[in-house]
Amino acid sequence: MAALTDTRRLGRWTLNAVAGVAMAYILTPLVAVTWLAFWSQEIPTFPPEGYTLHWFGVALAQEKFVGGFFTSLQVGVAATAIGLLLGTPAALAIARRGFTGRGIANQLLLMPLVVPGVVLLEAVAAALPQHAGATLRVTGFPVVKFLAPLLPEQEFEIVFSAKRPGQMTFEMVANGEKLATGTLACESVHAPA
């Protein structure tokens, strides 16, 4: 029993460590740019020569910047309000009630969470060397057809087959349903001598 508790504690610690590294990776540029906004010199050098609010005045003097900022702010507030007004009742209805079209409504609400196709193609490119024994690398995707969405955390399988030299076909399948099919261009990778 103690070994199971230690394993869970280690797993929790590892997850927290990975999450902390990911947050640092995401937030470090934001913190750095925010800090740079207050530096007094035009071209950043370290250590800073001093701090000022001058650059904020320069930005606010730009009519295009101010106009774009307020347009973005209006769109953001409107999108948030619409999302809250429509999404909250819809989520409550889907979670608590049974009705005709519930599955379709659920899928429509989950559409923004669907994994983008570029990420799926990256998975295909990463899986090819494992399939081909690290002797091939992807050079392009001449033909790709996305047939169904892939939801977050949904497991899928990539099936490769040779088409002709320099080309392979692939299929992405999840729960017996084809998600994508296509052709990829590839070339041999030679190990350095």
(request) Working carefully through the options E187, E155, E122, find the one that is in a loop (DSSP other than H, G, I, E, B) and modelled with pLDDT of 75 or more. (result) E155
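Listed here are the residues, each with its yes/no results for (1) loosely packed, with under 11 Cβ neighbours inside 10 Å; (2) outside the structural domain of F160 (by TED's automatic domain parsing); (3) over 23 Å from the mean Cα position of the chain (by Cα).
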site	(1), (2), (3)
V21	yes, yes, no
T34	yes, yes, yes
E42	yes, yes, yes
P48	no, yes, yes
Y51	no, yes, yes
K64	yes, yes, yes
G68	no, yes, yes
G87	no, yes, no
A127	no, no, no
(message) Where the second residue is aromatic (F, W, Y) and not in a loop (DSSP other than H, G, I, E, B) and the first is in contact (Cβ under 8 Å) with a residue 24 or more places away in the chain and lies in the stretch 145-163, which pairs have Cβ atoms under 6 Å and are six or more apart or on separate chains?
(response) I158/F170; F160/F170
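Quick one: would you say G76 is part of a helix (DSSP H, G or I) and either acidic (D, E) or within 33 Å of the chain's Cα centre (by Cα) (or both)? So that I can check it myself, show each step before the final result.
Details: part of a helix (DSSP H, G or I): yes; either acidic (D, E) or within 33 Å of the chain's Cα centre (by Cα) (or both): yes.
Here the answer is yes, as G76 does meet what is asked.
The values are calculated or read from the model by the stated rules, or taken from the named source; none is laboratory data. Remember, predicted model here, so these are calculated numbers, not experimental data. Using ideal geometry, Cβ is built from the backbone for each residue, glycine included, and neighbour counts are taken over all protein chains shown.
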